[in-house]
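Since the structure comes first, as structure tokens, the remarks are kept for the end.
The values are calculated or read from the model by the stated rules, or taken from the named source; none is laboratory data. Just so it is clear, the model here is predicted, and its values are computed rather than measured. Note that each Cβ is placed from the backbone with ideal geometry, even for glycine, and that neighbours are counted across all protein chains shown.
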Amino acid sequence: MKRVFLVFLAIFAALYVGAEATLKRPKNDGIVRLRWATDANPARKVQTDLFHKLHPNIEVTVDPGLGGDQTKLIVQCATGTGPDIVDVYDEQQMVALVEAGVLLDLTPYARRMGFDPSKTYPAIKNGLMVGGRQYRYPCNVWANCVVYNKRVFDDHGVPYPKPNWTYRDFIETARRIRNTPSKSGQKHIVVANFSNQWFYDDLLVGYGGRFFTPDGLTCLLDSKEAIAAMKLYHDLMYVHGAIPTAAETATMSGQGGWGSSGLTWFSTGRAAMIFIGRWYIIQLPSYPDLKGWLGAVRLPRIDGRPSTGVTDTRAAGINVKSPYRKEALLFLQYLASPQYSKVIVDDGDSLPPNPALARTGKDLANKIVPDPAFHQPFIDAMRDAHPLDVSPFVDDGLVMRWLKEHIEKVENNVMRPEDAMHALAAQINQLIRVNLERRPDLQRKYEQVTGRPYTQDWWRRYQKPQGAPPPL
Amino acid sequence: MQNKNKHSRLVTKARPRQMAHIGFLLPNLLGFLVFTLMPVLLSFWMAFTNWTLKPAVHLEFLGLRNFSDLLGVRALDREYSALKWAYLASAAALWLGIVGALWAVVAPWRGVRLGGALMALLGVAVAALGVSTGAGQGVVIAGLLIGVCGVAATYREDGGWEVGPGTAPALLMAVGCAGLGLLHHAMWARYEPKDPRFWQYLYNTAYLMLGLPFSIAGSLALALLLNDDIPLGRARLRAVEALICVVLGLITTAVGWGLGYPNIGLMGGILWGVAALGCAVNVIAFRTLFYLPTFTAGVALMILWKALYNPETGPINAGLTAIFAALGLHITPPEWLASVEWAKPALIIMGVWIGIGGTNMLLYLAGLSNVPRELLDAAEVDGASGWKRFRHVTWPQLAPTTFFITIMATIGGMQGGFEQARVMTAGGPAGSTTTLSYYIYNKAFQDLDLGYAAAISWVLFAIIFVATAINWKFGRELEVEG
Amino acid sequence: MRRRLSIALRFAALCVLGVTVSVPFVWMVSASFKPRAEVEEARIVPRHPTTRNYPIVLDMAPDPVTQQKLGLRFGRWYYNSFFMAVGITFLQVLTSAMAAFAFSRLRWRGRDTVFLLYLATMMIPGVVTMIPNFQIMVWLRFLNTYHGIILPAAFSAFGTFLLRQFMLSVPPALDEAATMDGAGPWQVFWDVVMPLARPGLIALSILTFLGAYQSFFWPLIMLNDDQYYPMPVGLLALDSTYGRQTELIMAATVMNVVPLIIIFITFQRFLVKGLQLGGVKG
């Protein structure tokens, strides 16, 4: 028995020596190596190579820990060992990271180095800032439009969506696709919806609804706009059959990754439409059948309102504790440069940070989709889109999680739309009260925002009194 | 350490022997202290503070506030203290009753038979009430479980029908159930739980453990089936059998393909292929086959199962539709991971599939090898049937293994459901597949609320501890002490 | 005749169960031969089978869409997974066996209390100890190194518990016989108890190897440099905003699993053919 163990010890020792011997140690060659925490999209290599050409003494390597969740980022930043450049995928994540003291305040450097909010779309400006200070700069910017498969529309003999269409038109189109048998005999679903949350967010903004009042003290998810949006969502699903049911949605949602089945459904020609940003065309080269058959149109609008939706950005921030702050700032400057924007345009990775390179559809025409008319709606959408609003008095990540939970309850007919929104708003308001009660820094913020001293019953002015909430 | 033991070999006094004993423990203990105990102690401290990763929030010692936030109730309007305390007392009575009942089953208490009978009646009553008032699956399942435990207690060989300490738990449970049932509406019209999600996730965690007995029993059955080689004949005969199976497999596949059912044909072909492998290498093939799910555990497997459970295109529903159609039933198959009611059963089925041929089977195989051949042969000579041999020879010899498996299953089960929630369902439609460990993860890494997350962990620990203590006491009775 | 029937039934049951278990794998293997467009379909046999996925994963062929090699260091990751798993298994089995010996056969004060402490720490969900644990790693300078992954995983309460159970079923009379012959505890350990606990050792080795081979979370957080990555972390490269390349993940997983199967087949017979206890029995 002892011999067996000794043999294994010898094997292990040999393997270890082999592993250590073949390690490439970082050379002391004066090159600064930055770690960029983003996902492992092959396009990043093109972007980092270009940066290296512009700044030969800096090398950026991709650290793909962000496979959908930010655990690695949090753990490493909590102990001061985090990456230098951090990709922040949405506004809620930015707020969380700023509160955790991870992101560097870019405001003193941004204007000087040319990546302040005036260098990108006006619509996204608030999405880059927390408390009036800038914390990130876009790698790409997106707003959803409706991408449709002309071949499927032709198959059912339905006319293409018109540019200024309303939800009534959308319902009618959906009805015709569902009820007219296709000439080829294949069944199609109307919308390959892969994220119930994004869909609802677009509806909410389409109705003109908000998450919070501008002072952040009251949750507005039980306003009539929010309830109307939820009712429309439910009706689109169950009354009109325009969007897939919970079952079909859930099987297409992108848990644990980015390439969701919903995209594949649309890409393989089994769905007529998809509500998505321009980044959809990254997938396109894998599906040569679709070439030339795609059209895009803006999101349907609510009667009496223009077409609006959410805009957000995958934006890069800098780790406060990075030892290479100067070089990391140069990378952000690169993001604002026309060279980088050109890479994004060619890649199809949504809209480039620099609006000057995306003035009309012709600017965005690339090898993947040469038709300028396809890209134009995405540019138009950016004019009217705006980011979701956040409140400093509550954890916005938590709010999004609770919202998703309630959307799913409505989808599964566990709660009616109005009840769900009332319950959700009640919980969020409750959370705001608890937070204010317990955190002196928020109380000071309250005084700043309202000009009044904080008292225990402050909420009577801002929030509805609590009755017995509907069952959870 | 080597030197210490050489020394002790020369001097056979007690003191140096003690040193040797510590010497054996030392490497493991050191690692344990640094990598396990210290973080655990730190997390214990965390549970009593408001530590978040936000520098704006100053670190404060909170005492029990996290726990009160987690487990407490909040008045909606004004306080109704009497009602609140009566309700909490009923809940406490119920829990004490349950723990007491479980303890009674393992401890030599008098009155266990009577208590068991009472519990069985109570369980049936609760289940019936749950069904008739439509109070939800949880109540019905709880009732059934209580009933089952009651029946098991009634059949204890040394239980008595007199009234002894063994009856008290059943009476406590009855009082608790009655109190909860009567006060339910009044209480929840005036109060709300401070963290209603905790209770939902606790229910989810407990529900997901329902598959464990099946998984363990299945592993035992498989281990028994695969312990010895199947007598299929000598090598030459086996080779012929294998060849026949291969040919049959090819025929089935070709036929299936020709008839336009390539999938079914291929499945048939694989069936014959497995049979061929079984003929050729016997038990090794099956053991490897059943262990395959454990090999590939991880993201790939979850992606796989997610695709299998796809309500529209997944093979499971395709198969079910075919079966229902063949039987003439007009039921649509469930929507599995996409539906609130079926998401948890879907995960249970997946868990049983993965676990049945996995680690537990391996452990049972190893344990079975320790069962002395002579005992079994002696029993066979005495004319004992297969079942009797199993019950009186094999099962007691497997006791340490079963003990280990049950404890690890309890501990693992209560901490489980994390990977599934993270990779497959993101906590499931409307939070129906979120378990406590996923909740802890969300609190810690999404909301950055580490103090609260630690509090949840320690509550979970308390539950696991009680469950393990009961398990331990049960195992002690059967363990062969050194 | 009845015996023949029972044998046949047993065989048939195993075959059917075997097929049920193997269906997902058939799907996995078939997915690894599908082009990206077909991966989501229910067909087991791909319409346009392709063998390109394997060379793409091995970085020997370019991705058909970007026409560039993906830069996957599959070989290195494979090696890392394998060698770290070997190291962890070796250390864990050794230290756990020694500790299990101390807990099961030696009598000393506080034995059961310390053991219960071990057991108790297994009941804490690992998620919450992650940050304190990581902080300790930072203090010890274990980040981004091999020993940082191997050493912490080399100590396991689980392994100790498991081996203790196996050692408990070895009769103490054997120990006493050996001690009376003048053997010290070290010799008793190696020559008497360990050989008899072999099935347990094999079981623990297989379990530990598997767990270490597939471990994802810890290496993800501890390692920043892709030359240290084990396979599961390396495969993250196939799941990005470019799209989840399921067919490549499946191909990589199939390649990953094959050596595990070989190891398992080789070692599983030791599980059962342990030494028979012909001697003294309790």
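So the values come out like this:
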quantity: Candidates A:K45, A:K72, A:K24 - the one that is under 22 Å from B:T52 (Cα atoms) and among the basic types (K, R); calculated: A:K72
quantity: Residue among A:A110, A:A96, A:A123 that is under 18 Å from A:A37 (Cα atoms) and either in a helix (DSSP H, G or I) or of a type in the set (D, E) (or both); calculated: A:A96
quantity: Residue count, the stretch C:108-121 (criterion: at pLDDT 80 or above and either in a loop (DSSP other than H, G, I, E, B) or in contact with a Gly (Cβ under 9 Å, 6 or more places away or on another chain) (or both)); calculated: 0
quantity: Any chance B:I411 is within 26 Å of B:A469 (Cα to Cα), among the β-branched types (V, I, T), in a helix (DSSP H, G or I) and more than 7 Å from every other protein chain (Cβ to nearest Cβ); calculated: no
quantity: Where a residue in the stretch B:430-458 is over 15 Å from C:I124 (Cα atoms) and its partner, wherever it lies, is modelled with pLDDT of 85 or more and of a type in the set (S, T, Y), with Cβ under 6 Å and at least six apart; calculated: B:T434/B:Y201; B:K443/B:Y452
quantity: Cross-chain or 6+ apart pairs with Cβ under 9 Å, the stretch C:95-111 first and without any contact (Cβ under 8 Å) to a residue 60 or more places away in the chain, then in a loop (DSSP other than H, G, I, E, B) and of a type in the set (G, A, S); calculated: C:R107/B:G482
quantity: Counted residues, the stretch B:414-440 - those being in a helix (DSSP H, G or I), within 14 Å of chain A (Cβ to nearest Cβ) and buried (at least 23 other Cβ atoms within 10 Å of the Cβ); calculated: 11
quantity: Unmet requirement for B:S215, which otherwise passes all of (1) under 23 Å from B:A467 (Cβ atoms); (2) buried (at least 16 other Cβ atoms within 10 Å of the Cβ); (3) modelled with pLDDT of 85 or more; (4) out of contact with any Gly (no Cβ under 7 Å at 6 or more places or on another chain); calculated: (4)
quantity: Residue check, B:L375 buried (at least 20 other Cβ atoms within 10 Å of the Cβ) and either within 22 Å of B:T402 (Cα to Cα) or away from every other protein chain (no Cβ under 12 Å) (or both); calculated: no
quantity: Qualifying residue in the stretch A:14-28 (condition: in contact with a strand residue (DSSP E or B) (Cβ under 9 Å, 6 or more places away or on another chain), loosely packed, with under 13 Cβ neighbours inside 10 Å and either more than 8 Å from chain C (Cβ to nearest Cβ) or of a type in the set (K, R) (or both)); calculated: yes
quantity: Those residues of the stretch B:338-392 which are among the hydroxyl-bearing types (S, T, Y) and at pLDDT below 85, in sequence order; calculated: B:S339, B:T359, B:S369, B:S385
quantity: Test: residue in the stretch A:278-287 that is within 7 Å of another protein chain (Cβ to nearest Cβ), touching a strand residue (DSSP E or B) at 6+ places or on another chain (Cβ under 6 Å) and modelled with pLDDT under 85; calculated: yes
quantity: For A:L364: the one exception among (1) touching a helix residue (DSSP H, G or I) at 6+ places or on another chain (Cβ under 6 Å); (2) under 30 Å from A:H234 (Cβ atoms); calculated: (2)
quantity: Scan of the stretch B:214-242 for residues that are closer than 17 Å to B:L365 by Cα, among the hydrophobic types (A, V, I, L, M, F, W, C) and part of a loop (DSSP other than H, G, I, E, B), ordered by number; calculated: B:I230
quantity: Any hit, the stretch B:141-153, residues being on the phi > 0 side of the Ramachandran plot, assigned by TED's automatic domain parsing to the domain that holds B:Y87, surrounded by fewer than 17 Cβ atoms within 10 Å (Cβ to Cβ) and not aromatic (F, W, Y); calculated: no
quantity: Checking B:P400 against (1) more than 7 Å from every other protein chain (Cβ to nearest Cβ); (2) assigned to a helix (DSSP H, G or I), the condition it does not meet; calculated: (1)
quantity: Lone unmet requirement of (1) more than 13 Å from chain A (Cβ to nearest Cβ); (2) at pLDDT below 85; (3) over 30 Å from B:H392 (Cβ atoms); (4) outside any loop (DSSP other than H, G, I, E, B) for B:A297; calculated: (4)
quantity: Residue match in the stretch C:83-90 (condition: crowded, with 21+ Cβ neighbours inside 10 Å, more than 9 Å from every other protein chain (Cβ to nearest Cβ), modelled with pLDDT of 85 or more and under 17 Å from C:F216 (Cβ atoms)); calculated: yes
quantity: Those residues of the stretch A:67-93 which are of a type in the set (D, E) and either within 21 Å of A:P392 (Cβ to Cβ) or assigned to a helix (DSSP H, G or I) (or both), in sequence order; calculated: A:D90, A:E91
quantity: Filter result for B:G269 (surrounded by fewer than 18 Cβ atoms within 10 Å (Cβ to Cβ), within 13 Å of chain C (Cβ to nearest Cβ) and under 20 Å from C:F11 (Cα atoms)); calculated: no
quantity: Qualifying residue in the stretch B:242-255 (condition: within 14 Å of chain A (Cβ to nearest Cβ) and either surrounded by fewer than 19 Cβ atoms within 10 Å (Cβ to Cβ) or at pLDDT 85 or above (or both)); calculated: no
quantity: Residue satisfying condition, being surrounded by 20 or more Cβ atoms within 10 Å (Cβ to Cβ) and in a helix (DSSP H, G or I), within set B:L129, B:L180, B:L172, B:L202; calculated: B:L172
quantity: Every pair of residues 6+ apart whose Cβ atoms lie under 8 Å, when the first sits in the stretch B:321-338 and is farther than 19 Å from A:A246 by Cβ while the second is among the aromatic types (F, W, Y) and at pLDDT 80 or above; calculated: B:H330/B:F324
quantity: Number of the condition not met by A:R35 [criteria: (1) more than 14 Å from chain C (Cβ to nearest Cβ); (2) assigned to a strand (DSSP E or B); (3) not β-branched (V, I, T)]; calculated: (1)
quantity: Odd one out for B:G233, checked against (1) more than 9 Å from every other protein chain (Cβ to nearest Cβ); (2) in contact with a Cys (Cβ under 6 Å, 6 or more places away or on another chain); (3) of a type in the set (G, A, S); calculated: (2)
quantity: Top-ranked residue in the stretch A:443-472 [being in contact with a Pro (Cβ under 7 Å, 6 or more places away or on another chain) and modelled with pLDDT of 85 or more; ranked as nearest to the other protein chains (Cβ to nearest Cβ)]; calculated: A:K445
quantity: Looking only at the stretch C:191-245, and only at residues there that are in contact with a Ser or Thr (Cβ under 6 Å, 6 or more places away or on another chain) and of a type in the set (F, W, Y), the one that is nearest to A:L73 (Cα to Cα); calculated: C:Y213
quantity: Those residues of the stretch A:395-414 which are in contact with a Pro (Cβ under 8 Å, 6 or more places away or on another chain) and surrounded by fewer than 22 Cβ atoms within 10 Å (Cβ to Cβ), in sequence order; calculated: A:N412
